[in-house]
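The values are calculated or read from the model by the stated rules, or taken from the named source; none is laboratory data. Since we're looking at a predicted model, the values are computed, not measured. No Cβ is skipped: glycine too gets one built from the backbone with ideal geometry, and neighbour counts run over all protein chains shown. Note: areas computed on protein heavy atoms with side chains; ligands, DNA, RNA excluded. Shrake-Rupley method; radii C 1.70, N 1.55, O 1.52, S 1.80 Å.
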Amino acid sequence: MKKIGIIGVGEYLPKKVLSNADLEKMVDTSDEWITTRTGIKKRRIALPEEASSDLATNAAKDALKNSGLKAQDLELIIVATITPDMQFPSTACIVQAKLGAKKAVCFDISAACAGFVYAIITAQQFIARGAYKNALVIGSEVLSTVTDWKDRNTCVLFGDGAGAAVLAEVRSGGILSTYLGSDGSLAELLMVPAGGSRTPASHKTIDKRLHYIKMQGNEVFKLAVKIMADAAQSALKQAGLECADIDLVIPHQANIRIIMAMAKRLGLPSSKIYLNIEEYGNMSSASTAAALCGAVKRNRIKKGDIVLLDAFGAGLVWGACLIKW
Ligand SMILES: CC(C)(COP(=O)(O)OP(=O)(O)OC[C@H]1O[C@@H](n2cnc3c(N)ncnc32)[C@H](O)[C@@H]1OP(=O)(O)O)[C@@H](O)C(=O)NCCC(=O)NCCS
C-alpha cells in the first residue's frame, strides 16, 4: 500500500479585518453576544476585486513553496468551494491558469464546510491508485458575497480566506484512515436557495434576498456535535487507534461551543484542539485548510504526530481523516 501524505501547506487571508465592534454598527448585536455564543472576535473580508480563485492561488503558491514542488509539476488540482468565481468553468481551472500548472487535471468539489476534507480524501484515491503522482488541494471561500449583512443570525459567523495542501507519496507516516458521510434529507437546514437551476436569479429572488445563506442554526448545532464526534470515532476505529493517540485535532471552525462539545464527547482536552475561529470565523472549506496550515506554521504539529481533520457542513456532509505527520 502506498503511503500518501501532505508535503506542503499554505494559506491566504485577505487583509481587511471586520471586528465584532464593526458588526455592532451594522446589525443589532454585541461583541459580548458573538464572543460568548460563537467564540468569534474577527473575520477577514476579501476586497471587491478578490474572488475565490485569487485567494486560492495565493494559498497555493504558499503551499507549493513549502512542498518544494513547482506549479509545472502538479498533476491534479482540486478546489473545494461553495463560492466559486462563477457557475462554470471550475475555480480549479482558473487557479490552474493563474499558476501555470499546465499538466494538471482540474475540478471543483462542492461539499461546503467539509469540502477540504472531501478534497484531501479524493486526491488521496487518485495518488494511491497511481493515476497521478501529486495533487494540490485548496479550500477557498469568499463567503462575504453570500452573507446577508442584514441578518444578525448569520452575518456574525462567516469570513473569507483560503488554505491549501500538496499531497504526494511519502516514505513514512501519511494518511492512516478516512471517513466520509452525507445526508441529503437535511439539505434545507443550510443553503443558498436561489441562483441555481431550481430558482434562477431574477428581480424577485434578489428582492427576497434568496442569494444569501439561510440557516437553521440551532438544528445544525445539535447535529454537528454528534456528527463530528462520530466521524472521529469511525476514522480512529479504522486505523485501530484510540482518542488518546491523537496529538492534535483540526476541526471545522463553525462555533467554539460545537468544537468543545465534540471534544468533551471524545474525552479530549482543549489543549489538543487547534482553533483559528476567534481570528477568522467560519470560512467553510477554508477553515480546516487554513487551520492545518496555521498549526504547521506555529509548530503545533511535529513529525510523527497523529493529526485528525474533522469537518461537517451543508448537505449535510461530514468527513474525518487521520494523518501521521
Ligand atoms: C447560530 C448560533 C450561533 C446561534 O446560537 P444559539 O445559542 O443557538 O442562539 P439561538 O438561535 O437560540 O438564538 C438565541 C437568541 O439570540 C438571538 N440572536 C441571534 N443572533 C444574534 C446576534 N448576532 N446578536 C444578538 N442576538 C442574536 C436570537 O434572535 C435569539 O433571540 P430570541 O431568543 O429573542 O429569539 C448557533 O446556533 C450555531 O452556531 N449554530 C451552528 C451554525 C453553524 O455551524 N453553521 C455552519 C455549519 S458549517
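Go through the residues of the stretch 189-198 one by one and say whether even a single one is within 12 Å of the ligand (Cβ to nearest atom) and open to solvent by less than 70 Å² (accessible area, probe 1.4 Å). For the stretch 189-198, residues within 12 Å of the ligand (Cβ to nearest atom) and open to solvent by less than 70 Å² (accessible area, probe 1.4 Å): present. Being more than 16 Å from the ligand (Cβ to nearest atom), aliphatic (A, V, I, L, M) and within 24 Å of residue 182 (Cβ to Cβ) is the requirement here; does residue 236 meet it? Taking the combined requirement at face value, the residue satisfies it.
The sole residue among 265, 300 that is among the basic types (Lys, Arg), in a helix (DSSP H, G or I), more than 14 Å from the ligand (Cβ to nearest atom) and not assigned by TED's automatic domain parsing to the domain that holds residue 17 is 265. When 275, 241 are screened for being in contact (Cβ under 8 Å) with a residue 40 or more places away in the chain, within 15 Å of the ligand (Cβ to nearest atom), outside any helix (DSSP H, G or I) and surrounded by fewer than 20 Cβ atoms within 10 Å (Cβ to Cβ), only 275 passes.
Beta carbons closer than 7 Å, at least 6 apart along the sequence or on distinct chains, pair a first residue in the stretch 143-158 that is under 21 Å from residue 115 (Cα atoms) and within 12 Å of the ligand (Cβ to nearest atom) with a second that is of a type outside the set (A, V, I, L, M, F, W, C) and part of a strand (DSSP E or B) for 143/160; 157/282; 158/43; 158/282. Kindly establish whether residue 213 is over 17 Å from residue 318 (Cα atoms) and either in contact (Cβ under 8 Å) with a residue 60 or more places away in the chain or open to solvent by 40 Å² or more (accessible area, probe 1.4 Å) (or both). Answer is yes for this residue.
Condition check ((1) part of a helix (DSSP H, G or I); (2) under 30 Å from residue 325 (Cβ atoms); (3) assigned by TED's automatic domain parsing to the domain that holds residue 110) across all residues:
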site	(1), (2), (3)
185	yes, no, no
197	no, no, no
200	no, no, no
204	yes, no, no
209	no, no, no
212	no, no, no
225	yes, yes, no
228	yes, yes, no
231	yes, yes, no
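Quick one: residue 219 ticks every box in (1) of a type outside the set (Phe, Trp, Tyr); (2) modelled with pLDDT of 95 or more; (3) within 14 Å of the ligand (Cβ to nearest atom); (4) farther than 28 Å from residue 17 by Cβ except a single one, so which number is it? Evaluating residue 219 over (1) of a type outside the set (Phe, Trp, Tyr); (2) modelled with pLDDT of 95 or more; (3) within 14 Å of the ligand (Cβ to nearest atom); (4) farther than 28 Å from residue 17 by Cβ leaves (2) as the failure.
Among the residues of the stretch 2-24, those identified as without any contact (Cβ under 8 Å) to a residue 12 or more places away in the chain and surrounded by fewer than 15 Cβ atoms within 10 Å (Cβ to Cβ) are 21, 22.
Exactly one residue out of 162, 131, 123, 168 is open to solvent by less than 50 Å² (accessible area, probe 1.4 Å), away from the ligand (no atom under 14 Å from the Cβ), assigned by TED's automatic domain parsing to the domain that holds residue 45 and assigned to a loop (DSSP other than H, G, I, E, B): that is 131.
I need a count of the residues in the stretch 134-158 that are part of a helix (DSSP H, G or I) and either closer than 16 Å to residue 320 by Cα or open to solvent by less than 40 Å² (accessible area, probe 1.4 Å) (or both). Matching residues across the stretch 134-158 total 4. Of the residues making up the stretch 25-61, just one is more than 16 Å from the ligand (Cβ to nearest atom), surrounded by fewer than 18 Cβ atoms within 10 Å (Cβ to Cβ) and part of a helix (DSSP H, G or I), namely 61.
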